[in-house]
Structures are given as C-alpha cells and as structure tokens.
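Just below is one structure, and these are the notes that go with it.
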Amino acid sequence: MLSATQKQQFADDGYLVIDPQIDSATLDGVRERIGNGLLLADGEGNSRTQDAWKLDPGVRDIALAPTVEAILAELHGRKARAFQTLNFRVGTQQPVHSDTIHFNSDPAGCMCGVWVALEDIDENNGAVVYYPGSHKLPEARMAEVFAEPDLGARRAPPPQGAMTWVRRLAGRNPVFATARNYPLYEEYIARLVCRLELKPALATIRKGQAFIWAANLLHGGSITRDPLRTRHSQVTHYYFEGARYHRPLLNEDGKVRYFKPAWIV
C-alpha cells in the first residue's frame, strides 16, 4: 500500500500525508454534527470535543478507517488500535509538545496520531505546526524538566489531604500537580526547539487528507491568522498491539504505572 519512499520519509521525518479514503459525506456529516453542534471547550480554552466517537458513528468511522489502520500497521509492523478522538472546530494554537508525555508505551514508539482534515487547512486557519525529524530526539520526561534548576524550583508539590492518603492506602495512583506542572514542560520544549534551532513546517492539507505523525514528533497548533475561519478536523490517537501502555504525566515520581486503554470499537 505504501511505497518504499513513503516508508523512508516516515522513518526519517516522523510524518506522512496520506489519502485515508473516507467518503466526503462522512466528513461533512461529522463537521456539521460535531463541529457545529456538540462542540465543547476544554479547560485550556481550546474548542474541542473529546471522544465524540461514543456519540457519533461518523467520528467512529473516521477513527476506524480501514485504509488508515492498514497504513499504520505497515509503518509500525503491528496492528493499530484507536483509543481516543478529538474533534476541532477552530485551530488550537497549542504550544509545541510531544505526545509521548501524554501517551507512551513499552516498547517505545507504539503510539501515533492521525489528523484528518474535514475542510481545507492552510497557513491562515490554524494548521498543525511540526518539526520534521524531531521524533528522533530523546523523549522528554518530567524528570528532565524538573532537572532544569529554574524549572525545578517552580515545580508545584503533590497535593496533600485525606484523599491522597486514601488513594495510597488503596494502592491507587498518587495524585500529582499535573495541571500546574505541565506549563513547565511546555517551556522546556520551547527552549529545546530554540537551542537545537529546529525548523518548523506547517501541515497544510486538503479536505479528506490525513496527517500521520510519530509518537515523539514535536508538534502544536500554529497561529490562526484569520480568526473568522474555522479549522474543522479530527484527531485520532492509536496504540499498537503487543505493547504495554502508560501516561507519563501520571508518573511524576518516576514509577511507571501501566493501564488498559478503552478501545474504540
């Protein structure tokens, strides 16, 4: 299905633009029902709907597109399994990050994201910004962030209180100050980009195209130059079979806690 050139590009650059072969009626239906209907706003002020596949069969169909699953299996040598969808009406302008801080695996690299355009996306309506080849950098964990003297000095301590001790006694994951410490990670990544003089690129893709990125590729949301325009799109995150999965932001103490994702079926 993929050429040797396409496979090599993904290996070298950490991304690939493909035709997911999703019919236009499905794309239009999701854009209308989710983008213009059920859209919510997350805690960071970014307009998006998470896991709308539970509500809308079109979102599920995009996430489970056979062509996408086949291409991901070719690229990773394992079967892909979708576990999260995010639907957007406008660009996020999200700071640059790597998905490995949110979703990781053992062995590493058994995760990826796929961004499907529900309308044409260009440099003016909030295309994804990414850094080709950055997936080859060492994964940045919170330990590296806190090791920076000034960032570590601003680290928020874990919450204390009765519920914290109840969780510990029950053997459940401890509670960390994730929301307060995550901006330190974003600052760390911004410094990394500047120090290494990484060159950005924009994922300007047409309606119906899909942008695949490797787990550790640095990416974010570009500036929306035309605030009157929408940027209808859907992201699906995938893990790959035969690995163990964890969320590094929940492992601030360095102990890896594996979990079982809720698969999209």
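No lab work stands behind these numbers, since they all come straight from the coordinates. Quick caveat, the model's predicted, so the values are computed rather than measured. Cβ atoms come from the backbone with ideal geometry, glycine included; neighbour counts cover every protein chain shown.
Report the FRET efficiency, 1/(1 + (r/R0)^6), for ALA11 and GLN160, where r is their Cβ-Cβ distance and R0 is 41 Å, rounded to 0.05.
Details: r = 46 Å, r/R0 = 1.12.
Here the calculated transfer efficiency is 0.35.
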Hey, fewest Cβ within 10 Å first, where do SER134, SER105, SER233 land in order?
-> SER105, SER134, SER233
Once phi is turned into ³J(HN,Hα) by the Karplus curve 6.51 cos²θ - 1.76 cosθ + 1.60 with θ = phi - 60°, what whole-Hz value does each residue of segment 140-155 show in order, with x for glycine and proline?
-> 8, 9, 5, 4, 5, 4, 5, 6, 6, x, 6, 6, x, 5, 9, 5
Here the FRET efficiency for ASP19 versus ARG78, based on Cβ atoms and R0 = 25 Å and rounded to 0.05, is 0.65
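Given a Förster distance of 41 Å, report the FRET efficiency between LYS54 and GLN93 from their Cβ-Cβ distance, rounded to the nearest 0.05.
Working: r = 27 Å, r/R0 = 0.65.
The value I calculate is 0.95.
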Amide H within-cut-off set for GLN209, under 5 Å, with H built and near neighbours excluded = ALA117
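Rounded, prolate or oblate for segment 175-265? Axes are the square roots of the Cα gyration tensor eigenvalues, ordered a ≥ b ≥ c, and the cut-off for rounded is a/c under 1.5. Write down the numbers at each step before the final one.
On the way: a/c = 1.92, a/b = 1.25, b/c = 1.53.
It is oblate, given that a/c is not under 1.5 and a/b is not larger than b/c.
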Taking the Cα-to-Cβ direction at LEU202 and at ASP28 and moving 7 Å from each Cα, how far apart do the two end points lie in nm?
-> 2.7 nm
Computed for segment 4-259: size of charge dipole around the Cα centre, +1 on C-beta of each Lys and Arg, -1 on C-beta of each Asp and Glu, debye to nearest 20, value 820 debye
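Starting with the fewest neighbours, write out TYR15, TYR258 ranked by other beta-carbon atoms found within 10 Å of each beta-carbon. List each step's numbers first, then the result.
Details: TYR15 25, TYR258 12.
Fewest-to-most ranking of TYR15, TYR258: TYR258, TYR15.
Full extension from VAL265 to HIS102: what is 0.36 nm times the residue separation minus their Cα-Cα distance, to one decimal in nm? List each step's numbers first, then the result.
Details: separation 163, 0.36 × 163 = 58.68 nm, distance 2.18 nm.
56.5 nm is the gain from fully extending VAL265 to HIS102.
By how many nm would the segment from LEU2 to ALA70 lengthen if fully extended, with 0.36 nm per residue of separation less the alpha-carbon distance? Write out the running numbers ahead of the final one.
Numbers: separation 68, 0.36 × 68 = 24.48 nm, distance 0.97 nm.
In short, 23.5 nm is gained.
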Once you've got the Cα coordinates, tell me which of LYS136/LYS199; LYS7/LYS260; LYS199/LYS255; LYS79/LYS260 are over 22 Å apart.
-> LYS7/LYS260; LYS199/LYS255
Under Karplus coefficients 6.51, -1.76 and 1.60, residue-wise ³J(HN,Hα) of segment 122-132 in Hz, glycine/proline x | 10, 6, 9, 10, x, 4, 5, 9, 8, 10, x
Using Cα centres only, tell me the gap between segment 1-34 and segment 51-92 in whole Å.
-> 10 Å
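Shape call for segment 50-172 from the C-alpha gyration tensor, a ≥ b ≥ c root eigenvalues: rounded (a/c under 1.5), prolate (a/b greater than b/c) or oblate? The partial results should precede the final answer.
Working: a/c = 1.70, a/b = 1.48, b/c = 1.15.
Prolate, since a/c reaches 1.5 and a/b exceeds b/c.
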